[in-house]
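Read through the structure below, which is laid out as structure tokens, and then see the notes.
The values are calculated or read from the model by the stated rules, or taken from the named source; none is laboratory data. In this text the structure is predicted, and so the values were computed from the model without any measurement. All accessible areas refer to the heavy atoms of the entire protein, side chains included, with ligands and DNA or RNA removed. Shrake-Rupley method; radii C 1.70, N 1.55, O 1.52, S 1.80 Å.
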Amino acid sequence: MNDSQEERPPTVAQLVGLNVRRLRESRGKVLRDVAEAARAVGVKWDASAVSRIETGRRDLTVEELLALPRVLTLALDEPVTLLDLLPDGDLMQVTSFDRKISTSRLQQLLAEPGLAWFNVRGHERVTEGVKEWLTEDKRKAQLQRSGEAGAESYEELQALAEELGVGTGNLLLAYRDLWGEFTGSMAQERERRLLESGADLSQPTKVRTLRGHITRQLMAELRDYFNQQKGSDGPR
């Protein structure tokens, strides 16, 4: 059998598509789950587009390829990296000229980060850091899907200050003193605590309940803060 009769390796799009489908089906997810996760991170795919990707009938742009790990991390509720989509050792066709390349080589070009695939001391820590980043990214996207998140408007700041019986300036000082200089609103602190809670954020109803609980907790902390201020030198 000559070279022209040999079975050609899959293209990049086909290989990625096969692994997207493998990962999706292994977690019991449907096409719509991936499409919804894609839209949550700004990639405009519907279930039909995901199907075409999985069967290699739709080429991926560089941006879409790099977004896929984030999309699948959200859809499958576990960290996914390019290494999962382009496993070590597989051959694939990267041009229309039958030029073959190992996925390991492409990983070096699109590594996240590249240290994970080189013999560099400490790369395990780097890889673990990537997983943590992807997990945080997934949880942030879940919070966005549940709604109600966002920055505190000046009107909301004024309303909260009036409810607590203090000035807006005193309220901003309380944010800094209680929650750190980089916290500019109660909403921001609430979302930070949600992310760090370890709670399942995939259910919008549950997230809304958690937001309410944390909001009440934060209000209690603010009231205690201002009561202490009144008991000493008074509000600043």
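Which value, in Å² and to the nearest 10, is the accessible area of D59 when all protein chains are kept and the probe is 1.4 Å?
Counting only protein heavy atoms, D59 exposes about 120 Å² to solvent.
What per residue convex hull volume, in Å³, comes out for region 39-89 when only alpha-carbon positions are used?
Values: hull volume 4.5 nm³, N = 51.
Taking only Cα atoms, region 39-89 has a hull volume of 88 Å³ per residue.
Show the residues, 5+ positions off or on another chain, whose built amide H is closer than 5 Å to the amide H of T11.
For T11, the qualifying residues are Q93.
Heads up, I need the accessible area for Y154: 1.4 angstrom probe, whole protein in place, Å², nearest 10.
The accessible area comes out at roughly 130 Å².
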